[in-house]
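K.L.:
Below you'll find the structure I mean.
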Amino acid sequence: MLYADQQLHGKTSLSISLAQKIDGEIVSCDSMQIYKDMNIGTATPTQEEMRGIKHYMINCVDPEERFSVSDYKRQAEKSIEEILKKDKIPIVVGGTGLYLNSLVDEIEYPEIGIDEDYRIKLNNRAEKEGLGKLYDEAYQIDPEAMEKISQNDKKRIIRVLEIYYQTGKTKTQQEILSRKNEVRFDYYIFGLNMERTVLYERINKRVDIMIEQGLIEEVKELVKKHPKIKTAMQSIGYKETVEYLENKMTKEEMIEKIKQESRRYAKRQLTWFRKRNEMIWLNGLESHEENIRIILETIKKEKCKEV
RNA sequence: GGGUAGGUGGCCGAGUGGCUAAAGGCGGCAGACUGUAAAUCUGUUCUCAUUUGAGUACGAUGGUUCGAAUCCAUCCCUGCCCA
């Protein structure tokens, strides 16, 4: 079974309680908790919070490394199998929708890495010749895909070109291939939600707590230890703190910015998960006991156990 | 008290007589999303009717004009300078 959630706080303890109850182990589905040395700002559960429940896919990648959905899919799947072998129930927890989809939709990614040089080349070309040029080229290759991509969406335009360059296939073809496998696991998806104003209040409070816990110190350490940090620096809370440390904004501005970005992120997650029609929504303000009761009932009724 | 700059939609800010329900930005809301995803991108944003439409709106009141956010008068408020 899988469990996803798009709220910044509350899913952690709920998932751990659930794991204790049903003899499960947790596979994180969070693109930032993956990284080492980023704990406060990503709200990675501490040893104490884990209450002895084993967690996978947490603190396992160097912040300077590039990590992708495909990496996630492979490793998370391995974790799930490992848990199943122990006759335990895997509980996938986290708010990274793209990562969750890779698992529940059983998406297969071809075994090709990212050609960093080619990507840089395309970026340079976009700079010099204009993004429109690249868009047109991509359109020649894969008009179907490009119909859905904005002319300003640099990342996706470049990706279409990249896929073609590396695989000789169009994005559209590639996506069809990626879904050729049958879904391997039975699963349920549960999501925590609550009234918007309450959600936002909680997020704001959560950010204040992070600051109190020493987010700024953590970021200082992080950049000292990893001067070439890349992907990890996209993380909300980290990029703003870096700007603050570089005197580009005041501490108050930084805190406000982190809160705002976090709220928006939560909203984007809601959008993402609302689309999944198998989603079973839980009230985030309910007690854990009640939510766990609902989860157990759902699982029993449909008699779907393992994954 | 004198001088001066200004008061525009949730906020910032453009706009000096009709093409203005008013550029742009921010914020909000909604959406997209298959190898950077806590990323990236899109739409929408006065009210009501929702096809054309109607109403209300640029500090307040009054005036000029066929027509005003834009011109005039008075008043209120804010910043700066001089007393």
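The values are calculated or read from the model by the stated rules, or taken from the named source; none is laboratory data. Keep in mind that this is a model prediction, so the values were computed, not measured. As a convention, Cβ positions derive from the backbone with ideal geometry for all residues, glycine included, and neighbour counts pool all protein chains shown. Note: accessible area is taken over every heavy atom of the protein model, side chains too, but ligands, DNA and RNA are not part of it. Shrake-Rupley method; radii C 1.70, N 1.55, O 1.52, S 1.80 Å.
K.L.:
Only four residue types carry charge here, +1 at the Cβ of Lys and Arg and -1 at the Cβ of Asp and Glu. Report the dipole size of the stretch A:173-290 about the Cα centre in Debye, rounded to the nearest 20. Mind dumping the intermediate values first?
P.N.:
Numbers: 24 positive and 21 negative charges, 135 e Å.
That gives a dipole near 640 debye.
K.L.:
Evaluate the distance, in nm, between pseudo-label points positioned 7 Å from the Cα of A:Lys154 and of A:Met279 along their respective Cα→Cβ axes.
P.N.:
So the two model labels end up 3.0 nm from each other.
K.L.:
What ³J(HN,Hα) values, in whole Hz, does the Karplus curve 6.51 cos²θ - 1.76 cosθ + 1.60 give for the stretch A:187-199 when θ = phi - 60°, with x put for Gly and Pro?
P.N.:
Coupling constants for the stretch A:187-199: 7, 10, 10, 10, x, 9, 9, 7, 3, 3, 4, 5, 4 Hz.
K.L.:
Quote the charge dipole size of chain A about the Cα centre in Debye, to the nearest 20; the model charges only the Cβ of Lys and Arg (+1) and of Asp and Glu (-1).
P.N.:
Numbers: 53 positive and 55 negative charges, 66 e Å.
For chain A, the charge dipole is close to 320 debye.
K.L.:
Please give the Cα centre distance for the stretch A:90-157 versus the stretch A:208-272, rounded to the nearest Å.
P.N.:
25
K.L.:
Mind putting a number on the dipole of the stretch A:91-231 about its Cα centre? Charges go on the C-beta only, +1 for Lys and Arg and -1 for Asp and Glu, and I need it in Debye to the nearest 20. Walk me through the intermediate numbers first.
P.N.:
Numbers: 24 positive and 26 negative charges, 87 e Å.
Value, rounded to 20: 420 debye.
K.L.:
Ok, one more. Please report the carbon-and-sulfur percent of the accessible area for the stretch A:183-307; probe 1.4 Å, protein heavy atoms only, DNA, RNA and ligands left out. Each step should come with its number before you reach the end.
P.N.:
Details: 3690 of 7540 Å².
Using a 1.4 Å probe with all protein chains present, the stretch A:183-307 comes out at 49 percent carbon and sulfur.
K.L.:
Which chymotrypsin sites (Phe, Trp or Tyr not before Pro) does the stretch A:150-203 hold that lie in a coil by DSSP with at most 16 other beta carbons within 10 Å?
P.N.:
Numbers: sites: A:Tyr164, A:Tyr165, A:Phe185, A:Tyr187, A:Tyr188, A:Phe190, A:Tyr200; in loops: A:Phe185, A:Tyr187, A:Tyr188.
When the chymotrypsin sites (Phe, Trp or Tyr not before Pro) of the stretch A:150-203 are filtered for loop state and at most 16 Cβ neighbours within 10 Å, nothing remains.
K.L.:
Under 11 Å from a label point 7 Å along Cα→Cβ of A:Tyr165: give me every residue in the stretch A:116-149 with its amide N that close.
P.N.:
It comes to A:116-126, nothing else.
K.L.:
When ranked by the protection proxy of mean other Cβ atoms within 10 Å per residue, highest first, what sequence do the peptides A:271-282, A:79-90, A:169-180, A:28-39 form? Write down the numbers at each step before the final one.
P.N.:
Working: A:271-282: 13.8, A:79-90: 17.0, A:169-180: 15.5, A:28-39: 23.2.
Descending packing order for the listed peptides: A:28-39, A:79-90, A:169-180, A:271-282.
K.L.:
Which of A:Ile149, A:Ile255, A:Ile203 moves most in a GNM of chain A, Cα contacts under 10 Å?
P.N.:
Maximum fluctuation in the GNM of chain A, among the listed residues, is at A:Ile149.
K.L.:
Please compute the length gained on full extension between A:Gln234 and A:Arg119, using 0.36 nm multiplied by the number of residues separating them and subtracting their Cα-Cα distance. Mind dumping the intermediate values first?
P.N.:
Working: separation 115, 0.36 × 115 = 41.40 nm, distance 1.81 nm.
Contour length minus Cα-Cα distance gives 39.6 nm.
K.L.:
A further question follows. Can you tell me the FRET efficiency between A:Glu49 and A:Asn247 if r is taken as the Cβ-Cβ distance and R0 is 35 Å, rounded to the nearest 0.05?
P.N.:
Values: r = 34 Å, r/R0 = 0.98.
Efficiency computed from Cβ-Cβ geometry: 0.55.
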